[in-house]
Every structure is written in structure tokens, then in C-alpha cells.
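To keep things clear, I will list the structure first and then write my remarks on it.
The values are calculated or read from the model by the stated rules, or taken from the named source; none is laboratory data. All values reported here derive from a predicted model rather than from experimental measurement. Neighbour counts run over all protein chains shown; Cβ positions are idealised from the backbone, glycine included. Keep in mind that these areas ignore ligands, DNA and RNA; they rest on the heavy atoms of the full protein, side chains included. Shrake-Rupley method; radii C 1.70, N 1.55, O 1.52, S 1.80 Å.
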Amino acid sequence: LPLLADASEGFSISSQVSENPFFPCLQSLSNFRPPSLETAPAMAAFIRPQAPKALPRSVAVRAFSGEAKRKRPPTVLSIQSHVVSGAAGNSAAVFPMRRLGINVWPLNTVQFSNHTQYGKWTGHVFPPEHITQIVDGIEAIGALGKIDAVLSGYLGSEAQGGAVLEVVRRVKEANPEAIYCCDPVMGHPEKGCIVAPGVAEFFHSEVVSKADIMCPNVLELSMLVSGRQEIDLDNVYEVAEAADDLRAKGPKAVFIKHLGKLGFHSGERFEMMLSCNEGNWVVDTPLLPFDRPPVGVGDLTTGSFLARVVKGYTYRQAFELTTAGYMCVMEATHELGEYELQLVAAQDEFASPNLRGLGVELKRLMPLDPEERRLMLRRKNFSRQFPN
């Protein structure tokens, strides 16, 4: 252990030693004063112990961190689309979740060259039985009970959705503590519904009651609540009420991954909402100027939120950290001038975001009192009668 001798100040212990677990045994040495400059080096050499034989780094880290042995990381079965180039579906969710310490098993529902917003792509859509066959193989080796959560995204058909729910049933049978997180991909508020016939109704009638977490945008939320078509949500308070209505049907948490024009800032900032047993929370971040907004943001935030939850964070904490991680990825993507999400470039900041430095601040949304509700409804009715 490195000891530094100084005739006037006595022995002082270096910063390396002060961080060592044996430091308390050496504290008394700091008050020892050598009789002279000539004897100090000899005395320092005399009391310096022999360096112990170096341990392998992994053993040393576990020993000094107080861990007796490694812990198995949580496992998520992620059933989503996949693109080879770019970031969408599993390509936007798997790496971020792994970077957060999650063992992710990706099960791809499609494999395309790139996401469809380019207007052209190649690849294949897998049939519903593909999902079942893969899970059959996982069960055959006795690994189904290792899954702590199932994440599902875009469904190409109602039949594919049925296969996903059967997987969820089998996973929860093997591990009753497992949770199901559904990203009910149906479309975009400004583009309308884009899924195959029957899928929106399937989410409403079959999935909502079986999901532990739902992660819709405002269009998807309105369709999940109504069951058939988009209902008219005019402001953030109505979105919160719809989220509460959805939670009453089964999910423990509803993470609304984009409020758009219904947020407090009317679409001028990027806003998200969380509805859970800790209340309704809203957060906003700068809306960076992109020539083309990156695709896969919802896949990124949904995967990040689920990863934090299975790691043991509360819903509110997971929401806060997801927001900070999103900001890190978007800033890196904007800085590099890229269209695709720059997940690798932002990985270090994403995994350990500086909440205070990023300015992430959640705002609790309190329910309106009766008088405020009446005024809100009056304004809503007036705007419908006189839209201009």
C-alpha cells in the first residue's frame, strides 16, 4: 500500500489507500511523526506491507462491491418487427434494453431491409405459427420460466396477435411473476390508423385485459378506450381521464409515449404521460429540429420503460429515466445529422443519464374540480360549433 512520508506533516495516506477497504487499519499512521528526515524513508519501507497477489478483475470487483456472487439479469422476450438497417421495432428496443442490463430474447415478426417510411424495402413477414414454433423450442429446453417479461409491438394480423397472447399465457404459467407489456402499434395521430383490419378491435377486446403495461400514443389510447374508432380527445386532462379508464380495464400502468398537440405546449415540445397508482404525470423535453423525424422513438421509449420496471424501479422512476434516456439518444441523432436513431453513439449517456443536467422534471397532473370541468366542456362545445 503506497504510503507517502513527509518530515513536517508526518505520514499521509494517498487517495488510492483512502478508497481501500483496509483504510481504517491505516488511519492511525497519518498521525505518526517521524523523528527526522533521515529515518522517515526507512520507517516507511519497514511498515509498507508486501503487495498481495492480484485477483482477477471480475473477482476483485465482486469482492469489493459486497456481492457474494453474480445475479442473473432479468430476461425479456421481445416480439416485434426487425429491420437490418436502421432502428425500428426490435432494432430500436433490443440494444437499449441490453445496455440497461436486460437479457433480451428478440423474436422477430418480420425481417425487412429497412423500415417502411423510406417508401421501399425488401424482406419477409413471418406467419403466426413462426411465433409459436420459436416458443415451442424455448419451452423444450426448459427456458420458458426464465422469462420475466414479454414485450409485443406491431402486429401484422389478428392471427399474429392471437399467437402472441398464447405466448403470454404460457410464459405466465411457467413464471407467475412475469409481466406483459404491450405497445399497441396502430398508427399516428396525423396519419391515421395503419394496421390490418381487425387488429384495433383485437387490442381492445383481447389485449387490454391481459396486459400489465400498455404504451399507446393518443390515437391508440382513444381507440383502445372506444374499441372501434378514434374518440375525440381535446386536451391533456381528457387524455389523463382516458388513461385512467384504460387502467380500470386491467393494466397497472399506461405510458402514453407521445401527447402531440394535446400536450400543454400544443406540440411545440415533446411531451409524454404516465398514468399509474402513483398518479398521472407529464414530462416535456425540447423538440429538436429534424428534416425528417426519426422512426422508432416509440419502440425505444417503450423498451426503455419496461427495462427499468423489470430492474425494480417504480413506474414513476422508470418514466423519469426513460425521458432522460430518450433525450440523450435524440441529442446524439441530431448532433450527427442522422435520420436513424443513433443508439450506439448515445449508449453511455443513455445508460447513465444525468437527470439534473438534462433538466428532466415530472409534473403531477391533478384532477380538475367540477367548476373547471364545466368550463372546459363549455369551451370544447363552443369550439365544435364555431371551429373558425
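Of everything listed in (1) more than 14 Å from the chain's Cα centre (by Cα); (2) surrounded by 15 or more Cβ atoms within 10 Å (Cβ to Cβ); (3) closer than 30 Å to Ile147 by Cβ, the single unmet condition for Asn277 is (2). When the range 217-263 is limited to residues that are touching an Asp or Glu at 6+ places or on another chain (Cβ under 8 Å) and without any contact (Cβ under 8 Å) to a residue 40 or more places away in the chain, the one that is farthest from Phe203 (Cα to Cα) turns out to be Gly263. Among the residues of the range 188-201, not a single one is acidic (Asp, Glu) and crowded, with 16+ Cβ neighbours inside 10 Å.
On the stretch given as the range 306-315, residues that are in contact (Cβ under 8 Å) with a residue 40 or more places away in the chain and either open to solvent by less than 60 Å² (accessible area, probe 1.4 Å) or in contact with a Cys (Cβ under 7 Å, 6 or more places away or on another chain) (or both) total 6. Once the range 285-296 is narrowed to residues that are open to solvent by 10 Å² or more (accessible area, probe 1.4 Å) and either in contact with a strand residue (DSSP E or B) (Cβ under 7 Å, 6 or more places away or on another chain) or of a type in the set (A, V, I, L, M) (or both), the residue that is farthest from Val309 (Cα to Cα) is Leu288. Any chance you could count how many residues in the range 317-371 are in a helix (DSSP H, G or I), among the polar types (S, T, N, Q) and crowded, with 16+ Cβ neighbours inside 10 Å? Matching residues across the range 317-371 total 4. Scanning the range 227-237 for residues that are open to solvent by less than 10 Å² (accessible area, probe 1.4 Å) and either more than 18 Å from Gly198 (Cβ to Cβ) or modelled with pLDDT of 85 or more (or both) yields a single hit, Val236.
Does the range 238-256 include one or more residues that are surrounded by 15 or more Cβ atoms within 10 Å (Cβ to Cβ), touching a strand residue (DSSP E or B) at 6+ places or on another chain (Cβ under 6 Å), closer than 18 Å to Val295 by Cα and modelled with pLDDT of 95 or more? Checking the range 238-256: at least one residue is surrounded by 15 or more Cβ atoms within 10 Å (Cβ to Cβ), touching a strand residue (DSSP E or B) at 6+ places or on another chain (Cβ under 6 Å), closer than 18 Å to Val295 by Cα and modelled with pLDDT of 95 or more.
Here's the yes/no breakdown for (1) among the acidic types (Asp, Glu); (2) open to solvent by 20 Å² or more (accessible area, probe 1.4 Å):
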{"residue": "Glu220", "(1), (2)": "yes, no"}
{"residue": "Val225", "(1), (2)": "no, yes"}
{"residue": "Phe264", "(1), (2)": "no, yes"}
{"residue": "Glu268", "(1), (2)": "yes, yes"}
{"residue": "Val283", "(1), (2)": "no, no"}
{"residue": "Thr302", "(1), (2)": "no, no"}
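Against the conditions (1) farther than 24 Å from Ala324 by Cβ; (2) surrounded by 15 or more Cβ atoms within 10 Å (Cβ to Cβ), Ser205 satisfies every one except (2). Return yes or no: is Lys71 touching a Lys or Arg at 6+ places or on another chain (Cβ under 9 Å) and either hydroxyl-bearing (Ser, Thr, Tyr) or surrounded by fewer than 22 Cβ atoms within 10 Å (Cβ to Cβ) (or both)? In short, no. Taking the criterion of being open to solvent by less than 30 Å² (accessible area, probe 1.4 Å), farther than 22 Å from Gly312 by Cβ and in a helix (DSSP H, G or I), the residues of the range 145-180 that qualify are Gln160, Gly161, Ala163, Val164, Leu165, Val167, Arg170.
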